[in-house]
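Structure first, then comments.
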Amino acid sequence: MEDRHAGPKQILVGRKLLFTLLWLFFAIAVWFGFAGAAHAASFTVTTYSDTTDIAPGNGECRDISGQCSLRAALMETNILAGEDEIVIPAGTYTLTTGQQLEIRDHVKLTGNSSNPGSTIIQASTNAVSATHRVLEINPDLNAAGYNVTIEGLTIRNGKAPAVSGYGGGGIGGDVGVSTTTISHSVISGNLASGNGYGGGIYLSGAAAGKVRMTDVTVSGNKAGEASLTGYRSRGGGVYFEGDMGLELTDVAVQSNTSYGLGGGMAIVSETASLRNVSITDSSFTGNTAISKTAGPDTEGRAGGLYLGSPAVITGTQFANNTAGGDGGGLVLDFFTGSVGLNNVTINANTAQRGGGMYINAYKAPDMTSSSIYGNTPNDVDVNPEGTDMEVTIAPAAAPGGIFSQGKTGAHYLVTVKNTGKVKSGGNVSVTVTLPTGLTATSMAGNGWTCSTGTLTCTRSDALTGESGYPVIDLTVNVAQDAPRTVTSSAKVSGGNELDIDNDTGIHETTILSRDSSLSNLLTSKGTLEPLFASGTLAYTVNVGYVVDKLAITPAVHESHATVKVKGAAVTSGQPSGLIDLTVGDNAIPVLVTAEDGITTTTYTITVNRAPKSTNANLSDLTVSGGVTLNEAFSANTLSYTANVDHEIDSLTVTPTVEYPQATVTVNGNPASDPVNLNVGDNAISVVVTAEDGTTKKTYTITVTRAKSSNADLGALALSAGTLDPVFAAGTESYTASVGNAVTSIDVTPTVADSTATVTVNNDTINSGSPKNVTLNVGTNTITVVVTAQDGTTTKTYTITVTRAKSSNADLSALTLSAGTLDPVFASGTESYTASVGNAVTSIDVTPTVADSTATVKVNNDTINSGSAKNVTLGVGTNTVTVIVTAQDGTTTKTYTITVTRAKSSNADLNALTLSAGTLDPVFASGTESYTASVGNAVTSIDVTPTVADSTATVTVNNDTINSGSPKNVTLNAGTNTVTVVVTAQDGTTKTYTITVTRAKSSNADLSALTLSDGTLDPVFAAGTESYTASVGNAITSIDVTPTVADSTATVKVNNDTITSGNAKNVTLNVGANTITVVVTAQDGTTTKTYTITVTRAKSSNAD
């Protein structure tokens, strides 16, 4: 029946006719007193199967299996009169008949309001595989429609056929003039295929009809298909068309997609008549309207909501929606009534234009406590063809537009324009808000009606697009204390504009300062008179002739003022360029201009430059190095004397001029140059030239330098040995030591003062030349006498040189009686090695000294050179030390010989004994394999090996023991191998093997014998082999339990082998019963038989 939706307008025309006939029918019924009270039915669904009713209209919901399915229940309610109810228990109801569910009468579908996700009606497991929608209301387009309530359900995975202009993959239909209510439900995962409308819900209706949705989530639905060549779908989640009222409360529209307009929801009116549409406490998030090719004015409009109707939206959020065209969050497209946005938030949405909201309506919405922010590329955009009123406020051109503190008559110009392309309509009003510090005195504009008291101007004439009204002139007075920056604003309203974002114009106005004073004034030379004060404008400065230029540093009091010094601009706080000065008065003006460019103040500095000076006096005269003039200095005393020691060979004269611009020389050179002094008198002239260059004055100083008294040596050196202590001019006594081979020494003295003379052992020599002195063994005294230039001052230096005894501590030969030295002996080689066999227990060491005066020791024993010393050798390394002491008694040399004596290789035993048994054959050290035999009673044996060489070690069965000590070895019955391993000192081993055979056990005794009934007679003893026992007639069998004395023995009871200690059950006959217990010893030959005769009594039963 889908073809009846070929065109929405056709549907609505038909609906109007049917609506009229319906109400006529109702009127006739009332007229005739007709009142048919229909009885409402209630059905509870009992099966998840999609089955049909076997007898629709009989008042019983029953399929062929006797169950009430959802489809069967609807088939009943569609025929029964009244508003019926269908209760749908929790579970998933999948439509499998290949047909949608249809509602053709008043009905309430009730699921689980607190958990709608528990009651699911689905067309398929997914929308792609579905062949039909889930539910259609009023498929025949009954004009009156039906009152339908859907509560506590999840409607999902439906697919509306590809019929242009219709859809509703989850729910489709027409409310007529009735009411459809959906509450506490979820509409998800549905699809309107082709260019369908309403992926989740499609509902149309007449003006008297109504749709209520409360606590409903519409998510993940889709209208249209990506593969189509053109996108014309509407309402990815919900599509409402017609003039019915809409009441949407707590509705969450999220993550829906439309290949066309209205990603989340689209609301379209049929006529221009007013209708009631309210959306309260709801959200539109994450929805998408897709364009085939994204761009402004393309089909993918209104990512969140497309609103083509008057409406009131309250407490609702539009966030994270996306449109390929205009209006990421919301598109307004209404041309009657108004849209109110109360406490609405529109943020983080994206579109090509109007990321938050795009207005394509005849007027802007009424906004209260709402916010639009953070959208891309902008928050609000409007149809550029509409009306757009814009206002600006700015100062007029200068001078009227200059705002300065205390100014009267400053002017603002207020301009109102229509930047849109459609002329304005209705009244236009402009209101100006002035900040503190500005006071309006007049406000007027051509064609405007203005009030200075309210700062408002109005007019009613229409303004064509892209034009402006005449400007409004606002005159104000500026307060003396107005702040630096003030903000004035103008707001325009009215004109039936769309874009309200630019209805306010703001101007941050700078209030210029009139302060033209200085806070400080400095000169680079001289001092201002009087001291600077901001209100003092005239100053003088006195400078000397030498000052021919100076700079002025002015600092303005107000930072925006400017300053000029002698006509040149200067930065406040920075020095001006240098200003040339002539002799006499020089007037320098400092001009300060306030920020307003009008107010100025001029400060004047008069600089008086003096003429050149004729002053050639000194104010002081001093000499360096602590030298004092013999006469007290006076500017008019021109001749002075001074005495200095010989050590002072130069000095500096420091003259100080009385007038700073005078110049001075010392001996014709700058005063800072040093003056060299000769021995005797030295004349020094100091010439002062006045500033005028002609006036001069000469001061003379005669400095007398004394002869030298320096009798010091500057150096003292020996050709052999070392001076002790180290030479110093002030140290006069030294010692030095030389070897025995040094028979003479060169002494070289060098005088500190070249004018002094020097003798060595009374022989005069030239300074720096050597004097050869013969040395005896022992101490030798050498005197060096220096005579100063003055001929009287002398100094004597003494050197005591000690020639040493011989220090030769070398050997000339070193031999051994066994072994060979390695390396070959050389007197300079001090360390040797040698190796000897184990049989060599001692060695003779013979050292021979190179110097017959030396002595020698071998291992601390003194021997004669060339004599042998016998040294005992231990196994391994043996260190032999040969120490040679030279004649001087201190020089020694130690020769070391490391002699290695080989270890023993003897791994023989010289004895091997056993604590039991006899070795076979008799022990011999060369025999390595033996046997021995012991009885069964011998459970262990002591093995005692004794080594032939005490350095060897021995193990028995891998356990190390001391030679001659026994090792106890446990023996098992049968053969036991005992290994004795001897390890020689050098690691050589020898293994002796003893095979000990221990005999098997012959014990065939029992250690215990018990019966489960009766008593053994006599009491059991291992040596007693025959027993008797008696039992009653009731005892038909008996347990016999033998236990062997030797665990290796085996046992049989009546020829049945049993385990020792276990019971053997024996059947008893009336009378005597013989039981034999045979024990076989471990050796297999020894046996013992125990016999038990058990007598079972006869029966005494006489019953």
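The values are calculated or read from the model by the stated rules, or taken from the named source; none is laboratory data. Quick caveat, the model's predicted, so the values are computed rather than measured. Glycine also receives a Cβ, built like all others from the backbone with ideal geometry; neighbour counts cover every protein chain displayed.
Some points to look at:
- Whichever residue in segment 965-986 is free of Cβ contacts under 8 Å to residues at least 40 places away in the same chain and closer than 21 Å to S905 by Cα and, among such residues, is surrounded by the most Cβ atoms within 10 Å (Cβ to Cβ): V981
- Some residue of segment 417-429 being within 30 Å of G303 (Cα to Cα), surrounded by fewer than 19 Cβ atoms within 10 Å (Cβ to Cβ) and in the same structural domain as P296 (by TED's automatic domain parsing): no
- Considering segment 59-99, the residues that are surrounded by fewer than 16 Cβ atoms within 10 Å (Cβ to Cβ) and free of Cβ contacts under 8 Å to residues at least 24 places away in the same chain include one that is farthest from the chain's Cα centre (by Cα), namely G59.
- Taken over segment 541-554, residues that are assigned to a strand (DSSP E or B) and surrounded by 16 or more Cβ atoms within 10 Å (Cβ to Cβ) amount to 6.
- Residue check, S865 more than 24 Å from T988 (Cα to Cα) and free of Cβ contacts under 8 Å to residues at least 24 places away in the same chain: yes
Conditions tested, residue by residue: (1) under 30 Å from R514 (Cα atoms); (2) polar (S, T, N, Q).
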position: A364; (1), (2): no, no
position: Y373; (1), (2): no, no
position: D379; (1), (2): no, no
position: A396; (1), (2): yes, no
position: F403; (1), (2): yes, no
position: H411; (1), (2): yes, no
position: N418; (1), (2): no, yes
position: S424; (1), (2): no, yes
position: A444; (1), (2): yes, no
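- Among the residues of segment 893-909, those identified as part of a strand (DSSP E or B) and surrounded by fewer than 15 Cβ atoms within 10 Å (Cβ to Cβ) are T894, T896, T898.
- Here R353 passes the criteria (1) closer than 15 Å to D381 by Cβ; (2) surrounded by 24 or more Cβ atoms within 10 Å (Cβ to Cβ) except the one numbered (2).
- Number of positions in segment 122-165 that are within 20 Å of K108 (Cα to Cα) and of a type in the set (S, T, Y): 3
- Within the set P399, P395, the sole residue that is touching a Phe, Trp or Tyr at 6+ places or on another chain (Cβ under 7 Å), assigned by TED's automatic domain parsing to the domain that holds L474 and surrounded by fewer than 24 Cβ atoms within 10 Å (Cβ to Cβ) turns out to be P395.
- Of the numbered criteria (1) under 30 Å from T743 (Cα atoms); (2) in contact with a strand residue (DSSP E or B) (Cβ under 9 Å, 6 or more places away or on another chain), the one G837 fails is (1).
- Elements of type strands (runs of 3 or more DSSP E) contained in segment 108-214, each with 3 or more residues being closer than 22 Å to A73 by Cα: 119-122, 135-137, 148-151, 154-156, 171-174, 179-188
- Looking at T800, T833, just one residue is assigned to a strand (DSSP E or B) and within 30 Å of V880 (Cα to Cα), and that residue is T833.
- Cross-chain or 6+ apart pairs with Cβ under 9 Å, segment 100-111 first and small (G, A, S), then part of a loop (DSSP other than H, G, I, E, B): G111/I88; G111/P89; G111/A90; G111/G152; G111/L153
- Counting only strands (runs of 3 or more DSSP E) that sit wholly inside segment 994-1068, those with at least 3 residues that are over 60 Å from the mean Cα position of the chain (by Cα) and of a type in the set (S, T, N, Q) are 1026-1031, 1037-1044.
- Residue in segment 1004-1020 that is surrounded by 19 or more Cβ atoms within 10 Å (Cβ to Cβ) and among the aromatic types (F, W, Y) present: no
- Scanning segment 77-93 for any residue that is of a type outside the set (G, A, S), in contact with a strand residue (DSSP E or B) (Cβ under 6 Å, 6 or more places away or on another chain) and closer than 23 Å to G220 by Cα turns up at least one such residue.
- Flag if V312 is at pLDDT 95 or above and either touching a Phe, Trp or Tyr at 6+ places or on another chain (Cβ under 8 Å) or in a strand (DSSP E or B) (or both): yes
Okay, residues lined up against (1) under 30 Å from D949 (Cβ atoms); (2) modelled with pLDDT under 90:
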| residue | (1), (2) |
| --- | --- |
| T848 | no, no |
| D861 | no, no |
| N864 | no, no |
| V871 | yes, no |
| T877 | yes, no |
| T885 | no, no |
| G889 | no, yes |
| T896 | no, no |
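- All positions within segment 426-472 that are touching a residue at least 24 places away in the same chain (Cβ under 8 Å), in a loop (DSSP other than H, G, I, E, B) and of a type outside the set (A, V, I, L, M, F, W, C): G426, N427, P435, T436, G437, N446, S460, T464, G465, E466, Y469, P470
- Positions within segment 756-766 being surrounded by 15 or more Cβ atoms within 10 Å (Cβ to Cβ) and not small (G, A, S), in sequence order: T757, V758, T759, V760, I765
- Long-range neighbours under 7 Å by Cβ, at least six apart or interchain, first residue free of Cβ contacts under 8 Å to residues at least 60 places away in the same chain within segment 715-726, second outside any strand (DSSP E or B) and among the β-branched types (V, I, T): A720/V742; P725/T731
- Considering residues of segment 823-843 that are touching a Leu at 6+ places or on another chain (Cβ under 7 Å) and of a type outside the set (A, V, I, L, M, F, W, C) only, the residue nearest to T892 (Cα to Cα): S827
- Condition check for V786: surrounded by 14 or more Cβ atoms within 10 Å (Cβ to Cβ), outside the structural domain of I648 (by TED's automatic domain parsing) and either closer than 30 Å to V840 by Cβ or not charged (D, E, K, R) (or both): yes
- Comparison of V687, V664, V627 shows that the only residue that is touching a residue at least 40 places away in the same chain (Cβ under 8 Å) and not in a loop (DSSP other than H, G, I, E, B) is V664.
- Residue check, V607 under 30 Å from S404 (Cα atoms) and buried (at least 19 other Cβ atoms within 10 Å of the Cβ): no
- Taken over segment 907-926, the criterion of being closer than 24 Å to G987 by Cβ and in contact (Cβ under 8 Å) with a residue 60 or more places away in the chain is satisfied by A907, D908, L909, L912.
- Among the residues of segment 262-286, those identified as under 46 Å from the mean Cα position of the chain (by Cα) and more than 17 Å from D250 (Cβ to Cβ) are G262, G263, G286.
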